[in-house]
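A short reminder: the numbers here are calculations on the coordinates, not readings from a lab. Keep in mind that what you see is a predicted model, and the values were worked out from it rather than measured. As a convention, Cβ positions derive from the backbone with ideal geometry for all residues, glycine included, and neighbour counts pool all protein chains shown.
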Amino acid sequence: MPPTQAQFKAAALVASWLLTRRPAAKPELAQTQANTALLASQGLLVGLLTGIAGVGGGFAIVPALVLLAGLPMQLASGTSLLLIAVNALVALAALGTWPAGALPLMTPLLGGGAIGAVLGQRLAPHLADRRLRQGFATLLIGSALLTGTEAIKRHHTVLPLEMQAETHRNEAEAKVRL
């Protein structure tokens with residue numbers, strides 16, 4: 001499994017474990033200011049992930065806001081959405097082109113995402129912070145498992161192809177020697 005996938009899995013599992021623990025007391029202002037550097041580092045990491053691979057967002061931002069800044073889940077989720085929007089716009093501007101060919105794929109995703117966001121915002125106030133944290137932790141674990149499963153599938157698909165290429169190279173080298 002590539003290191004980035006292993007690191008994602010590890011980070012997702014650690015964040016999910018931390019999110020399911022009982023929330024600590026609300027951090028004091030001095031502690032929050034001390035965490036500013038950690039939050040800036042997390043923001044840099046998420047920005048890099050967004051710029052390089054088009055990923056990042058909530059799975060990295062929400063745990064940081066909950067664990068480092070002491071925000072409740074609902075406020076962390078809303079703050080995360082704003083940060084994701086800004087990161088996405090900056091990354092799109094840096095890309096320099098609009099991926100117009102992907103528009104037919106994006107339309108149903110945007111429509112479903114908009115409906116889900118409206119329903120989620122109506123449902124969230126009725127859920128306890130602890131339940132939101134548990135739900136998000138479950139989502140992180142699911143993402144880590146899915147990423148790991150896909151990496152294993154790709155590894156088993158690529159490995160035989162590499163072995164076939166090696167066999168062909170060996171056969172070609174043997175013919176050259178004859």
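Brief remarks follow.
- Taken together, the residues in the range 63-107 that are farther than 18 Å from residue 124 by Cα and part of a helix (DSSP H, G or I) amount to 23.
- Residues that are of a type in the set (Ser, Thr, Tyr) and surrounded by 10 or more Cβ atoms within 10 Å (Cβ to Cβ) were ranked within the range 67-105; the one that is nearest to the chain's Cα centre (by Cα) is 80.
- The one condition from (1) of a type outside the set (Val, Ile, Thr); (2) surrounded by 11 or more Cβ atoms within 10 Å (Cβ to Cβ); (3) without any contact (Cβ under 8 Å) to a residue 24 or more places away in the chain that residue 134 does not meet is (3).
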